[in-house]
Amino acid sequence: MRPSPPPSPPAAGAREGSLDAPTRHPLDWREDAFRDRAALERELERVFDLCHGCRRCVSLCQSFPTLFDLVDASSTLEVDGVDKADYAKVVEQCYLCDLCYQTKCPYIPPHPWNIDFPHLMLRAKAVHFREHGAPLSAKLLSNTTLVGRLASIPVVAEAVNWGNRRPALRGLMEQALGVHRDAHVPEYHHPTALGRLKQDDRGDGAVAAGPTTGKVAVFVTCYGNHNHPKMVEDLVAVLRHNDVPVKLIRQDRCCGMPKLELGDLDSVAAYKERNMAVLREAVADGWDIVAPIPSCVLMFKQELPLMFPDDADVLAVKRAIFDPFEYLMHRRAAGVLKTDFRNPLGKVAWQAACHQRVQNIGPKTKQVLELVPDTQVVAIERCSGHDGTYGVKQATYPLARKIARPVEQRVRQAGADHFTSDCVMAGAHIAHGLDANGEGEGARIDAAHPVSLLRLAYGI
């Protein structure tokens with residue numbers, strides 16, 4: 001991150017906040033200054049002081065209440081009274097949802113105060129990881145490729161799923177891996193999505209429309225491949241129903257988001273190299289890239305381009321990757337999206353996933369689903385508090401439940417026929433909370449991916 005000048009009061013006639021279009025500086029993560037502990041602590045103090053004076057983000061993640069509680073309990077009632085050793089308490093509560101930057105903070109670049117809170121937290125995580133590493137449990141939980149491959153082996157998948165349903169074994173998992181015994185953990189599947197969808201299209205007959213080439217290479221994602229293969233099957237079915245040739249990226253690795261959140265930037269770079277080897281070939285051959293998990297799309301659209309701003313392959317993939325419903329709305333705008341829906345969906349409660357919101361594409365999921373006759377979509381624009389590992393770890397699961405509570409209340413109030421979220425992990429976390437509170441009335445609440453609802457509406 002670029003160094004920032006110290007804050008000063010607004011001059012006469014100067015604007016409070018910024019009305020200019022936001023921008024974001026590249027991450028200078030390989031520079032010595034990025035890893036310098038003293039420089040980091042100076043920047044943390046500067047930004048924390050500005051956040052303390054504003055407090056606009058208090059309703060987002062737990063980072064901000066933690067910071068403000070530290071300030072309010074200090075001897076000076078200011079940031080200079082907070083022990084710098086306690087800064088880590090703020091950092092560990094940030095799960096890089098990006099909402100403070102994208103929806104709340106008035107002082108983001110190009111404002112001269114130059115606040116990028118999520119990337120400052122990322123810098124702090126990276127410095128901590130470089131100095132202290134991470135527990136084996138955290139490294140394992142963030143290695144979704146390895147865990148998914150092992151847990152999706154025949155017989156092993158059944159054993160893992162069986163164990164995850166046994167309270168005694170969940171207690172052992174809590175002790176060994178730090179996974180809270182009450183947290184929802186996903187099932188593992190065999191065959192995986194790659195095993196179920198063996199037939200790839202050649203791309204013949206693709207019809208370009210708007211920024212889309214009309215043929216899609218699906219970045220399956222770790223979660224989609226091992227934990228939710230039906231989501232990938234439904235995405236492929238919807239695209240093919242709309243005459244879009246589809247193939248799967250079959251040699252991919254994790255997008256790197258779990259390692260990013262851990263601060264392990266070297267692993268992010270290694271994953272990038274493995275993925276670019278196959279993605280750049282697909283893009284060069286004229287394929288669009290679509291991934292069903294918002295965090296994975298965001299990784300290729302935003303985080304990797306900011307880490308590698310001069311990498312031509314990274315920038316090419318950035319231009320070619322789409323959220324599924326962003327892609328469908330481009331096809332709709334060009335008049336080539338089919339609307340031959342057979343089944344109304346009724347009332348749908350839709351939680352807008354954070355990592356989809358910060359892509360700045362608008363509520364494309366809502367817009368597509370509302371093309372279905374007799375369908376109403378109630379948008380819930382609040383964070384679920386899940387974030388992949390934050391919502392399952394023993395230390396943070398209770399806080400994740402607290403963050404999810406307002407969303408659960410909105411779902412309850414909606415009285416909808418369906419509940420959905422583009423982030424199926426967030427959806428499952430919210431549904432788990434509703435089930436735990438008896439909202440399911442004896443039946444488990446299902447949080448389907450929106451593309452699964454779209455397939456249902458098409459009747460395919």
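Quick one: net charge of Glu174's neighbours, Cβ under 11 Å, K/R +1, D/E -1?
Details: positive: Arg170, Arg181, Lys393; negative: Asp182.
Charge balance in the 11 Å sphere: +2.
At 7 Å along Cα-to-Cβ for each site, give me the label-to-label distance between Asp446 and Ala277 in nm.
A separation of 4.0 nm, rounded to one decimal place.
About its Cα centre, what dipole magnitude does the chain give when the only charges are +1 on Lys and Arg Cβ and -1 on Asp and Glu Cβ, stated in debye to the nearest 20?
Details: 55 positive and 56 negative charges, 173 e Å.
Dipole magnitude for the chain comes out near 840 debye.
Report the calculated FRET efficiency for Gln367 and Leu150 (r = Cβ-Cβ distance, R0 = 30 Å), to the nearest 0.05. Walk me through the intermediate numbers first.
Working: r = 39 Å, r/R0 = 1.31.
The value I calculate is 0.15.
Once label points are set 7 Å from the Cα along Cα→Cβ at both Ala379 and Arg56, what is their separation, rounded to one decimal in nm?
Here the answer is 1.9 nm between the modelled labels.
Whole-Hz ³J(HN,Hα) for each residue in the stretch 345-355, computed from phi via Karplus 6.51 cos²θ - 1.76 cosθ + 1.60 with θ = phi - 60°, x for glycine and proline: what do you get?
9, x, 9, 10, 8, 10, 7, 6, 5, 4, 6
Ile289's amide H: which non-local residues (gap 5+, or another chain) put their own amide H closer than 5 Å, with H modeled 1.01 Å from N in plane and none for Pro or chain starts?
Ala217, Ile321, Phe322
As I understand it, the dipole of the chain uses +1 on the Cβ of Lys and Arg and -1 on the Cβ of Asp and Glu, about the Cα centre. Which of Val392, His52, Gln93 lies farthest toward its positive end?
Of the candidates, Val392 comes out farthest on the positive side.
Which whole DSSP H helices in the chain pass both tests: a Cα extent of 24 Å or more along the axis and a mean Kyte-Doolittle value no lower than 0.0?
Numbers: long enough: 37-54 (26 Å, -0.23); 265-284 (27 Å, 0.10); 397-414 (25 Å, -0.82).
Those that clear 24 Å and a mean of 0.0 are 265-284.
Please enumerate, by chain and number, the aspartates and glutamates with C-alpha under 16 Å from the C-alpha of Lys366, excluding those fewer than 8 residues away in the same chain.
Answer for Lys366, where 16 Å is the Cα cut-off: Asp323, Glu326, Asp374, Glu381, Asp417, Asp422, listed by chain and number.
Return the loop-located trypsin sites (Lys or Arg not before Pro) in the stretch 368-459 (DSSP other than H, G, I, E, B) with at most 15 other Cβ atoms within 10 Å of their own Cβ; answer none if there are none.
On the way: sites: Arg382, Lys393, Arg401, Lys402, Arg410, Arg412, Arg444, Arg455; in loops: Arg382, Arg444.
Here the trypsin sites (Lys or Arg not before Pro) that fit, given the DSSP loop and packing criteria, are Arg444.
Around Cys255, which amide H atoms from residues at least 5 apart in sequence, or from another chain, sit under 5 Å from its own amide H, with H modelled in the peptide plane?
Amide H to amide H, under 5 Å and 5 or more residues apart or across chains, Cys255 pairs with Cys222.
Just the number, please: percent antiparallel of the DSSP beta bridges in the chain, rounded to the nearest 5. Walk me through the intermediate numbers first.
Numbers: 2 of 22 bridges.
Around 10 percent of the beta bridges assigned by DSSP in the chain are antiparallel ones.
Would you please give the FRET efficiency between Arg130 and Arg405, computed as 1/(1 + (r/R0)^6) with r the Cβ-Cβ distance and R0 = 22 Å, to the nearest 0.05? Walk me through the numbers before you get to the answer.
Details: r = 36 Å, r/R0 = 1.62.
Between Arg130 and Arg405 the formula returns 0.05.
Sorted by mean Cβ packing within 10 Å, highest first, what order do the peptides 247-255, 291-299 take? Let's see the in-between values first.
Working: 247-255: 19.8, 291-299: 26.9.
Most protected by this proxy first, the peptides run 291-299, 247-255.
For the stretch 209-215, what does the Karplus curve 6.51 cos²θ - 1.76 cosθ + 1.60, with θ = phi - 60°, yield as ³J(HN,Hα) per residue in whole Hz, taken in order and with x for Gly and Pro?
Taking θ as phi minus 60°, the curve returns 8, x, x, 9, 7, x, 9 Hz for the stretch 209-215.
Mind ranking 226-232, 146-152, 166-172 by how tightly packed they are, going by the mean number of other C-beta atoms within 10 angstrom, highest first?
Values: 226-232: 23.3, 146-152: 17.6, 166-172: 11.7.
Peptide ranking by packing, descending: 226-232, 146-152, 166-172.
Amide H of Lys347: which non-local residues (sequence gap of 5 or more, or other chain) have their own amide H closer than 5 Å, using H built in the peptide plane?
Gln376, Asp417, His418
Calculate, for Arg342 and Gln413, the FRET efficiency according to 1/(1 + (r/R0)^6) with r their C-beta to C-beta distance and R0 35 Å; round to the nearest 0.05. Walk me through the numbers before you get to the answer.
On the way: r = 29 Å, r/R0 = 0.84.
Calculated transfer efficiency: 0.75.
Subtracting the Cα-Cα distance from 0.36 nm times the residue separation, let me have the gained length for Asp80 to Ala334 in nm, one decimal.
Here the answer is 85.8 nm.
Among residues other than Arg455 whose Cβ falls under 15 Å from its Cβ, what is the net charge (Lys/Arg +1, Asp/Glu -1)? Mind showing how you got there, number by number?
Numbers: positive: Arg196, Lys230, Arg240, Lys338, Arg342; negative: Glu233, Asp234, Asp340, Asp422, Asp446.
Its environment carries a net charge of 0.
Report which label in (i) 22.2, 70; (ii) 39.9, 143; (iii) 21.2, 71 holds the value of Rg and Dmax of the Cα atoms in Å derived from the coordinates of this structure.
(i)
Working out 0.36 nm times the residue gap between Glu31 and Arg181, then minus their Cα-Cα distance, what length gain in nm do you get to one decimal? Write out the running numbers ahead of the final one.
Details: separation 150, 0.36 × 150 = 54.00 nm, distance 4.06 nm.
Using 0.36 nm per residue and subtracting the Cα-Cα distance, I get 49.9 nm.
I'd like the Karplus ³J(HN,Hα) series for the stretch 93-106: coefficients 6.51, -1.76, 1.60, θ = phi - 60°, whole numbers in Hz, and an x wherever there's a Gly or Pro.
Ordered by residue, 3J(HN,Hα) equals 8, 8, 10, 6, 5, 6, 5, 4, 5, 8, 10, 10, 5, x Hz.
Throughout, read-outs are computed from the coordinates displayed, never taken from laboratory work. Quick caveat: nothing in here was measured; it's all calculated off a predicted structure. A quick note on method: Cβ atoms are made from the backbone with ideal geometry, for glycine too, and the neighbour counts reach across all protein chains shown.
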